[in-house]
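Only one structure is covered here, and it is reproduced in the block below.
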Amino acid sequence: MTMEDLKDVVATTASISTILQFLSGTLICLKIVRNKSSGDISSFPFVSGCLSTSLWLRYGFFINERSIILVNTIGASLFFAYVITFFIYSIKKSVVIRQGVSCCFLLVATLLYVENKENFEEAKKCLGIVCCVVTILFFAAPLASLLHVIKMKNSESLPFPIIFASFVVSMQWLIYGYILKDTFIQIPNFLGCILSAFQLSLFCFYPKSPKGYANDFI
């Protein structure tokens, strides 16, 4: 198998895994619609997901990688739909609006800055850095709940399927970034692997009850 063949295989499997991971948000939205309330669910993962996929979509066009373009086109569309659904049923609409406006400002400011850069490499580097930072923040979002898990010594609040999927997806894109020799793809996905692996280790230290595992799929 040549490096080009390996690249195509990794790109295809990573794209499928990522799209399936994005679709997991529909389960949360269906629960919100069913309850007619967002409850205590935070809107930040949806809003930051929309920002992250939008930035990576532009980066995909920069480096002309079809897999990144396809995945993030679907991702941006899904996350936008999730944000709208969350806003409709949110009990704290002002928070959603504030987060949405902040992310839109950052997105527009970044794109305008990049588009006005005459040097292609400088523009690519700038956009890559912003993509890395936003993705790292997206991966770091669960840290607050991790502290709670460690303090309570109970992993009931952690969604095992989603965390495991994040680990697999991060590993696939890390390999893809290594094949492309693209540092901006490698760094956030390496950190994503580390964070996901740490979260998975908590299930060993603080095992769930059988009932807790069943609730992951509800």
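Here's the yes/no breakdown for (1) surrounded by fewer than 17 Cβ atoms within 10 Å (Cβ to Cβ); (2) under 26 Å from G25 (Cα atoms):
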position	(1), (2)
L70	yes, yes
L78	no, yes
I91	yes, yes
V95	yes, yes
G100	no, yes
C104	yes, yes
L107	no, yes
K117	yes, no
E121	yes, no
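Could you tell me which of the residues I97, I84, I88, I74 is within 22 Å of T13 (Cβ to Cβ) and either more than 19 Å from the chain's Cα centre (by Cα) or modelled with pLDDT of 90 or more (or both)?
I74
Which pairs turn up if I take residues in the stretch 54-65 that are on the phi > 0 side of the Ramachandran plot and assigned to a helix (DSSP H, G or I) and look for partners that are modelled with pLDDT of 90 or more and surrounded by 17 or more Cβ atoms within 10 Å (Cβ to Cβ) with beta carbon separation below 7 Å, at least 6 apart in sequence or on another chain?
none
For S196, indicate whether it is crowded, with 18+ Cβ neighbours inside 10 Å, modelled with pLDDT of 80 or more, polar (S, T, N, Q) and more than 29 Å from E122 (Cβ to Cβ).
yes
Quick check, is C131 at pLDDT 85 or above, farther than 18 Å from T13 by Cβ and within 14 Å of the chain's Cα centre (by Cα)?
Against the criterion (at pLDDT 85 or above, farther than 18 Å from T13 by Cβ and within 14 Å of the chain's Cα centre (by Cα)), C131 qualifies.
For the stretch 31-40, how many residues are touching a helix residue (DSSP H, G or I) at 6+ places or on another chain (Cβ under 9 Å) and surrounded by fewer than 18 Cβ atoms within 10 Å (Cβ to Cβ)?
So the answer is 5.
So the check is Cβ under 6 Å with 6+ separation or different chains; which pairs have a first residue in the stretch 107-125 that's over 20 Å from G49 (Cα atoms) and a second one that's of a type in the set (G, A, S)?
Cβ pairs passing all conditions: V114/A123; K117/A123.
Any idea which of K211, K181, K124 is at pLDDT below 70 and of a type outside the set (S, T, N, Q)?
Sole residue among the options that is at pLDDT below 70 and of a type outside the set (S, T, N, Q): K211.
The values are calculated or read from the model by the stated rules, or taken from the named source; none is laboratory data. Since we're looking at a predicted model, the values are computed, not measured. No Cβ is skipped: glycine too gets one built from the backbone with ideal geometry, and neighbour counts run over all protein chains shown.
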